[in-house]
Amino acid sequence: MMKIFICPGCGRMTVGSRKKEVYCSKCDEVTMMRAKLTFKQYTAMTEEQRKDYAQSWLYIHNAAKRK
């Protein structure tokens, strides 16, 4: 099963299938988190929708850290 991962530092998204931990190559090996998207949802999105999703995800998760 393909899994979608997102970086909590920069919002970069990537697809993985075998690894339990995926690291962001853009943010000095920050451990990426599993996104709540299915592979089918991810592939149906345009590049702009993916960027919007990543920005929203970062906003929500950073807001939780501020509390």
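The values are calculated or read from the model by the stated rules, or taken from the named source; none is laboratory data. All of these numbers come straight from a predicted model, not from anything done at the bench. Reconstructed Cβ throughout: ideal geometry from the backbone, glycine too, with neighbour counts over all protein chains shown. All accessible areas refer to the heavy atoms of the entire protein, side chains included, with ligands and DNA or RNA removed. Shrake-Rupley method; radii C 1.70, N 1.55, O 1.52, S 1.80 Å.
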What three numbers, in Å, describe the spread of the alpha carbons of the chain along their principal axes, ordered from the longest? 34, 24, 19
Computed ³J(HN,Hα) along the stretch 51-58: with the Karplus parameters 6.51/-1.76/1.60, θ = phi - 60°, integer Hz and x for glycine or proline, the list is 5, 4, 4, 5, 5, 5, 4, 4
Got a sec? What order do R50, R18, R12, R34 fall in by accessible area at 1.4 Å, biggest, i.e. largest, first? R18, R34, R12, R50
Of every hundred units of 1.4 Å-probe accessible area on the chain, the number belonging to carbon and sulfur atoms, as a percent, is 53 percent
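Remind me, relative contact order of the chain in percent, using alpha carbon pairs under 8 angstrom and six or more residues apart? The partial results should precede the final answer.
Details: 80 pairs, mean separation 22.5, N = 67.
About 34 percent, as a whole number.
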Under the Karplus relation with 6.51, -1.76 and 1.60 and θ = phi - 60°, whole-Hz ³J(HN,Hα) for the stretch 25-36, x at Gly and Pro, equal 6, 7, 10, 6, 6, 5, 5, 7, 9, 6, 7, 8
Distance in nm between pseudo-label sites at S17 and Y59 (7 Å out along the Cβ direction from Cα): 3.4 nm
Amide H to amide H under 5 Å from M32: which residues, 5+ apart in sequence or cross-chain, H placed 1.01 Å off N in plane? V22, Y23, C24
